[in-house]
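Data block below; observations after.
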């Protein structure tokens with residue numbers, strides 16, 4: 001089964017336990033007799049997929065999760081379906097943090113992704129146009145601009161997740177998920193989380 | 001004495017205890033016989049001031065603060081000069097957080113300003129193009145997109161400042177300083193902090 005998760009930067013594919021990502025405007029040809037089951041949060045990139053492959057099925061309508069949250073993105077729903085209890089952090093273009101409790105989604109929030117942070121500083125002032133230093137010391141106050149920015153970004157993400165987590169297990173996914181997972185003891189990194197949720201739903205419906 | 005603090009969005013003026021801000025490309029005429037003592041973090045806007053007034057004196061070179069921090073902006077230095085002990089939060093285009101201890105600057109960091117956050121979300125996806133809801137409840141997990149974004153921004157700023165503050169007093173300044181001050185018991189809002197620091201230095205040198 002070929003699965004696809006269309007995000008705001010990349011299209012992520014899953015086939016036989018393997019995952020890979022492709023840029024929307026340079027999608028590779030897939031075997032035309034295989035259907036692509038997909039979800040999407042980006043209409044423009046969805047059109048790219050539809051133009052590249054004859055047999056695509058949007059399964060977003062089937063991805064449901066019990067929640068009082070209005071407007072939960074379909075990718076967040078899919079990841080939540082994969083986990084009954086825990087905090088799910090999808091660190092991509094945006095960083096979404098969702099809390100699952102006994103199979104119910106009890107709320108969540110959105111932070112900017114790392115690349116969005118970097119761009120934002122650069123737009124405020126050329127002086128702040130720096131790469132984020134991933135190894136910045138979060139225990140001591142910074143002593144230069146690069147560290148000051150990196151500390152501002154990374155520590156605020158870490159403090160937020162700590163504050164949300166309490167005793168719950170943390171499940172990281174997304175491009176920067178592996179990096180953030182290392183700040184926590186109770187963390188698992190699983191870049192197939194969205195696809196696991198999709199599979200769970202598809203097994204019921206197909 | 002007419003003082004000016006040139007930032008990355010506005011020029012802030014101070015005269016006889018009054019402060020006001022002006023946009024760089026629509027500066028009002030000032031009495032031409034009065035000198036403007038100024039500091040600047042934005043060269044382009046500095047040229048706007050110089051073009052608008054015949055008698056401007058850059059006092060940035062005199063603003064010194066004991067610190068191991070390389071590249072501390074002159075506006076941050078000036079605000080630090082006004083406070084011997086405490087955490088100084090200047091919430092403008094960027095949000096700078098600096099810690100003073102017995103007259104010595106012991107480090108600091110930089111977060112995006114509120115407007116930068118708002119723009120950043122909008123650039124990630126049109127779905128995230130929302131105003132920040134200043135009254136969002138920071139105690140409960142959000143249940144919709146606007147709250148999810150607002151919670152992500154405001155709570156991360158509040159947690160960072162709490163983590164830095166510990167027992168120290170908090171001094172807020174800048175456009176969004178008044179708003180953030182209300183989240184803390186040990187907070188003072190003073191939108192003249194940079195000018196107080198400038199005055200302190202000028203009294204010595206002029």
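Values as computed for the structure displayed
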| read-out | value |
| --- | --- |
| Residues that are at the interface with chain A (Cβ under 7 Å from one of its Cβ atoms), surrounded by fewer than 21 Cβ atoms within 10 Å (Cβ to Cβ) and either out of contact with any helix residue (DSSP H, G or I) (no Cβ under 9 Å at 6 or more places or on another chain) or within 18 Å of residue B:95 (Cβ to Cβ) (or both), drawn from the stretch B:141-164 | B:143, B:144, B:159, B:163 |
| Number of positions in the stretch B:165-179 that are within 14 Å of another protein chain (Cβ to nearest Cβ) and part of a helix (DSSP H, G or I) | 1 |
| Residues of the stretch A:37-56 that turn out to be away from chain B (no Cβ under 14 Å) and in a helix (DSSP H, G or I), as a count | 6 |
| Members of the stretch B:177-195 that are closer than 22 Å to residue B:39 by Cβ and surrounded by 20 or more Cβ atoms within 10 Å (Cβ to Cβ) | B:177, B:193, B:194, B:195 |
| Residue satisfying all of: in the stretch A:37-56; out of contact with any helix residue (DSSP H, G or I) (no Cβ under 6 Å at 6 or more places or on another chain) and under 22 Å from residue B:128 (Cβ atoms); surrounded by the fewest Cβ atoms within 10 Å (Cβ to Cβ) among these | A:43 |
| Subset of the stretch A:90-101 [in contact (Cβ under 8 Å) with a residue 60 or more places away in the chain and within 17 Å of residue A:41 (Cα to Cα)] | A:90, A:91, A:92, A:93, A:94, A:95, A:97 |
| Search result, residues across the stretch A:177-206 that are within 19 Å of residue A:77 (Cα to Cα) and under 16 Å from the mean Cα position of the chain (by Cα) | A:177, A:188, A:189, A:190, A:191, A:192, A:193, A:194, A:195, A:196, A:197, A:198 |
| Among residues of the stretch A:57-91, those that are out of contact with any helix residue (DSSP H, G or I) (no Cβ under 6 Å at 6 or more places or on another chain), farther than 19 Å from residue B:143 by Cβ and in a helix (DSSP H, G or I), counted | 1 |
| Filter pass, residue B:95 being in contact with a helix residue (DSSP H, G or I) (Cβ under 8 Å, 6 or more places away or on another chain), at the interface with chain A (Cβ under 9 Å from one of its Cβ atoms) and buried (at least 21 other Cβ atoms within 10 Å of the Cβ) | yes |
| Residue satisfying condition, being outside the structural domain of residue B:153 (by the TED database), more than 17 Å from the chain's Cα centre (by Cα) and at pLDDT 95 or above, within set B:52, B:125 | B:52 |
| Per-region count, the stretch A:18-36, residues within 18 Å of the chain's Cα centre (by Cα) and either surrounded by 13 or more Cβ atoms within 10 Å (Cβ to Cβ) or assigned to a loop (DSSP other than H, G, I, E, B) (or both) | 5 |
| Scan of the stretch A:102-114 for residues that are more than 9 Å from chain B (Cβ to nearest Cβ) and either in contact (Cβ under 8 Å) with a residue 60 or more places away in the chain or touching a strand residue (DSSP E or B) at 6+ places or on another chain (Cβ under 8 Å) (or both), ordered by number | A:103, A:104, A:105, A:114 |
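The values are calculated or read from the model by the stated rules, or taken from the named source; none is laboratory data. Worth saying up front: this structure is predicted, and the values here are computed from it rather than measured. FYI the Cβ positions are ideal-geometry reconstructions off the backbone, even for glycines, and counts take in every protein chain you see.
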